[in-house]
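Input: a single structure, listed below in structure tokens.
The values are calculated or read from the model by the stated rules, or taken from the named source; none is laboratory data. What you are looking at is a predicted structure, and each value in this text was computed from that prediction instead of being measured. All Cβ positions, even for glycine, are placed from backbone atoms using ideal geometry, and neighbour counts span all protein chains on display.
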Amino acid sequence: MKIGLDLDGVVANSLPRVIEVLDACFERKFAPGDHFDLARYYGVPREEIALVITERAEDMFGRAELVEGAAAGIAALEKNGHEIIYITARRDGWEEEVTCAWLERHGLDSRRLFCVSGGPKAEVVLAEGVDLFVDDFLRNAEQVSAVGVPVLLLDAFYNQAADLPGVTRCMNWDDILRAVATLARVS
């Protein structure tokens, strides 16, 4: 199968660094359980959040750790013959450069990176013929499943909602690998 992976929250554990930088910039302490609309939470326009993220991309994204189990999980998927591409809401340009360097530093293929600059990931999923998509953000999961592509939703405090059609919740990378194996047998 061709599997699309979101980066933030699925491969890169960037949220702690993003929150740390935004807390310092806007002098407010974010806590899990707070509303995840960062612009609304910090009380600033979305453009201001985007500007800080772009300006501090190296600090936020370049220093992110891998999500637990991601490296081994990706290696296992590739070993089993699955093709991996990365689809991220990060912006092209500087954020893309930082992301490519991060992927390479962690032994991941940066040549299969698609930055949608905050746009819909479903367009890339369709254009690239993705068979399965893994994300941690509900809106992305809804949009991708709405175009008929199954989604694995990696569990997070900010994506708790009722079950969505075409979306399977996974608690960790072990669950992702089990779900992929099941879907691969069905295909």
If ALA64 satisfies all but one of (1) buried (at least 21 other Cβ atoms within 10 Å of the Cβ); (2) closer than 27 Å to PRO150 by Cα; (3) touching a strand residue (DSSP E or B) at 6+ places or on another chain (Cβ under 9 Å), what's the number of the condition it fails? (2)
Checking the condition surrounded by fewer than 16 Cβ atoms within 10 Å (Cβ to Cβ), among the charged types (D, E, K, R), more than 18 Å from the chain's Cα centre (by Cα) and closer than 19 Å to ILE176 by Cβ, which residue from LYS79, LYS29 passes? LYS79
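Output the residue which, of all residues in region 146-158 that are outside any loop (DSSP other than H, G, I, E, B) and in contact with a helix residue (DSSP H, G or I) (Cβ under 9 Å, 6 or more places away or on another chain), is surrounded by the fewest Cβ atoms within 10 Å (Cβ to Cβ).
ALA146
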Output for Cβ contacts, cut-off 9 Å, separation at least six or different chains, first residue without any contact (Cβ under 8 Å) to a residue 12 or more places away in the chain and closer than 15 Å to ALA12 by Cα in region 93-116, second small (Gly, Ala, Ser) and part of a loop (DSSP other than H, G, I, E, B), reads ARG105/GLY62
Looking at (1) in contact with a Phe, Trp or Tyr (Cβ under 6 Å, 6 or more places away or on another chain); (2) assigned to a loop (DSSP other than H, G, I, E, B), find the lone condition where GLY4 falls short. (2)
Scan region 13-57 for residues that are touching a residue at least 24 places away in the same chain (Cβ under 8 Å) and basic (Lys, Arg) and jot them down. ARG17, ARG56
Of everything in region 162-183 that's free of Cβ contacts under 8 Å to residues at least 40 places away in the same chain, in contact with a Leu (Cβ under 6 Å, 6 or more places away or on another chain) and of a type outside the set (Lys, Arg), which residue is surrounded by the fewest Cβ atoms within 10 Å (Cβ to Cβ)? ALA179
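So which residues in region 159-179 are assigned to a loop (DSSP other than H, G, I, E, B) and either within 16 Å of the chain's Cα centre (by Cα) or of a type outside the set (Asp, Glu) (or both)?
Residues of region 159-179 that are assigned to a loop (DSSP other than H, G, I, E, B), as a first pass: 160-166, 171-172.
Answer for region 159-179, where residues must be assigned to a loop (DSSP other than H, G, I, E, B) and either within 16 Å of the chain's Cα centre (by Cα) or of a type outside the set (Asp, Glu) (or both): GLN160, ALA161, ALA162, LEU164, PRO165, GLY166, MET171, ASN172.
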Within region 48-107, the count of residues that are modelled with pLDDT of 95 or more, among the polar types (S, T, N, Q) and not in a loop (DSSP other than H, G, I, E, B) comes to 2
